[in-house]
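Asks: Encoded as structure tokens, here's the structure I'll be asking about.
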Amino acid sequence: MEVKGCIRHKFCKNLPKCCFLFLVVFVFIAILGYLDLLKLKYEEISTINLQGATTDPQKHHGFCTFQPLSSTDALEERLILDSIAWPETPLLPAPLPLKQTSDPAHSTFTILPGKREGGQWHVGDQLEVMIKIYDFQGQAKKSGGDVLIARLHNKTLGAGVAGKVVDHLNGSYSAVFSLLWEGSAQVEVTLVHPSEAVTVLRRLNKEEPDRVSFKSLFRSGSISQTTICNVCLRETGQPLCNFTDLRTGEPWFCYKPEELSCDDRINHVKGDTKELQTLKATEDKLFQRGVNMKVFIKASGPANVAVLPQRKGQPEDKESIGKSGVSGYYYQGVWRALGGIKVRQFNTTSAVNQCLKGKIVHLYGDSTIRQWFEYLDAFLPDAKEFNLYSMRQAGPFMLLDKANKFLATYRCHGLPLRSYTMSSSALHYIANEIDGLTGGDNTVIVFGVWAHFGTFPVELYIRRLQSIRRAVVHLLNRSPGTLVVIRTPNPKTLTLSSALINSDWYSLQEDKVLRAMFKGLNVHLVDAWEMTLAHHLPHLLHPQPPIIKNMIDVLLTYVCPQKGS
């Protein structure tokens, strides 16, 4: 009887032993093959090919591919996207008829009459403004979607407050302000972008998320090669190195160098920008400074009102002031919060030292958070910055006041990061950093993440905040006394190039996502959006010192609140 699978051989007289021998040899060969496969996998563990990258039901945005979310996170993502949904903006024919687009020079705003008897305005009242948008031909627009900001101010008093803008989807808008000081109050309305520009900005994030490129150098011995990297890489058939973070799931890819392993990556650096090349014919006309981008709209009638003292019997508590929903306002150049906390003034080194005595402050984020570290470094002469031989733009930095037992650190957030050349080993995600902290009553966590995300689908930003929030929740569970403070985005000066990468519209969307994501958690916001918008100084990516000083005062007030507040 012949056993199936065994072949009779002159050296194999005993069939059972023959089969057993062949089986052992077969298994041994299989193990060797598997070990070779493991070795190959180890060498190319982070290599994938675009053709085979979708082994899971991943989510696609243009040519960006995101890992699937849990059902809870996916539901939250949909709800947030719905909550920040911008009104539909017009399709743009080619060539673009600029004369039919929103024109701030033809547009107007009107202060509506006071609703109370006598038509006068008092502290505590609401001021409402109606805004009408017209095109370059003087024709009234019939749809919404324009990006408008508004503020009420009195430069002499050093007073200012942001207004809440409501889109009526028919070419008209309302701006509502709380009247918070006596004296003159002047209305200022600005067209940031016409609705047609929003159409372009939306298209760019879907079709051109790689308009800012990044590069990495790979090196082993005498062999080196630089390749393009990004969250979103176009399909070329070329293998990719997958540097997606294993703990947070944050995606990052590079085209694999031909002769080197993915493990040979040395650094990260911002590459070329091609934002202007991504525009279609005449679309650049929608982003003209002084014409239709960040331009004041004129008043049809008076632009200011006289505000009288508070009416008798009206509540003194300004926290109860109205539906404009602002977080605070400036008076005499000082930020006054409306959310139940009295902002303290930390005007001296001793006051700051006393507040931070015994504290450990960890700051994470982009250069707008680094600005806060630099403020503390300059303001506290007894605190010494350690030279960690770090790149000035990215950190990490450390500031120590030995006498007051105060420590501050700064580290930039992980990719995407538009930076100068930095070591790949210095790229750390905030969530991982927070997961590594013990926390406690003397620990303060500060972060701000937004300025480097403008070119990508907003889903990437949502997912980044979800991973950071998970780390914050875990931290507060194990150390409930830890203080967590978040800096929001802020408006900035816009040029054609910067608008296509980091428009205020992108920042406004991120601001809404950030507030929704951390609502209800035991964290505190420093409202950089309103603190920049309400101030008389120009909008800058890195706000000027008077604004930064007010932000630091809010931060330190959270650290050391006034007794009884």
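Asks: Let's see if you can work this out: charge +1 on each Lys and Arg Cβ, -1 on each Asp and Glu Cβ, no other charges. What is the dipole magnitude of the chain about its Cα centre, in debye to the nearest 20?
Replies: That gives a dipole near 600 debye.
Asks: Further question on the same structure: I'd like the orientation of helix 545-559 relative to the chain: the angle between its Cα long axis and the longest Cα principal axis, in ° from 0 to 90, rounded to 10.
Replies: It works out to around 70 degrees.
Asks: Still on this model: Looking at the square roots a ≥ b ≥ c of the eigenvalues of the Cα gyration tensor of the stretch 476-565, which shape do they give, rounded for a/c under 1.5, prolate if a/b is larger than b/c, or oblate?
Replies: Because a/c hits 1.5 or more and a/b fails to exceed b/c, the stretch 476-565 counts as oblate.
Asks: Another question, then. Counting only heavy atoms of protein chains, what accessible area per residue, in Å², does the chain have with a probe of 1.4 Å?
Replies: For the chain, the per-residue accessible area is 47 Å².
Asks: If you take the square roots of the eigenvalues of the alpha-carbon gyration tensor of the stretch 222-361 and sort them as a ≥ b ≥ c, do you get rounded (a/c under 1.5), prolate (a/b over b/c) or oblate?
Replies: Oblate shape, in that a/c is at least 1.5 and b/c is the bigger or equal ratio.
Asks: Continuing with this model, one more query. With a/c under 1.5 counting as rounded, go ahead and sort the stretch 150-284 into rounded, prolate or oblate using the C-alpha gyration tensor (a ≥ b ≥ c being the square roots of the eigenvalues; past the cut-off, prolate if a/b is larger than b/c, else oblate).
Replies: Verdict is prolate for the stretch 150-284.
Asks: Considering only protein heavy atoms and a 1.4 Å probe, what is the carbon-and-sulfur percentage of the accessible area of the chain?
Replies: Carbon plus sulfur share of accessible area: 56 percent.
Asks: When the dipole is taken about the Cα centre of the stretch 129-234, and only Lys, Arg (+1) and Asp, Glu (-1) are charged at their Cβ, what size is it in debye, to the nearest 20?
Replies: 360 debye
Asks: So what does Thr532 come to for accessible area, using a 1.4 Å probe and Å² rounded to 10?
Replies: 0 Å²
Asks: Sticking with this structure for a sec: Per-residue accessible area for Ile111 at 1.4 Å probe radius, Å² rounded to 10?
Replies: 30 Å²
Asks: Once the Cα atoms of helix 195-207 and of the chain are each reduced to a long axis, what angle between those two axes, in degrees from 0 to 90 to the nearest 10, is obtained?
Replies: 10 degrees
Asks: Once you keep just the Cα pairs under 8 angstrom separated by 6 or more residues, what percentage relative contact order results for the stretch 201-320?
Replies: Answer for the stretch 201-320 is 25 percent.
Asks: Moving on to the next point. Helix-only mean residue ellipticity at 222 nm, the chain, DSSP H runs n ≥ 4 weighted -39,500 (n - 2.57), per residue, nearest 500. What is it?
Replies: -8000 deg cm²/dmol
Asks: Follow-up. What distance in nm separates the simple spin-label points at Asp382 and Glu259, each placed 7 Å from Cα in the Cβ direction?
Replies: It is 5.9 nm.
Asks: Only loop residues by DSSP count here, and only those with at most 11 other Cβ atoms within 10 Å; note down the GluC sites (Glu not before Pro) in the stretch 166-258 that meet that.
Replies: Glu235, Glu258
Asks: OK, next. For the full complex of protein chains and a 1.4 angstrom probe, list Met293, Met391 by accessible area with the highest value first.
Replies: Met391, Met293
The values are calculated or read from the model by the stated rules, or taken from the named source; none is laboratory data. Predicted model only: the values in this text are computed from it and were never measured. Note: ideal-geometry Cβ built from the backbone for every residue, glycine included; neighbour counts use all protein chains shown. Ligands, DNA and RNA are stripped out before the accessible areas are found, and what is left, the full protein with its side chains, is counted by its heavy atoms. Shrake-Rupley method; radii C 1.70, N 1.55, O 1.52, S 1.80 Å.
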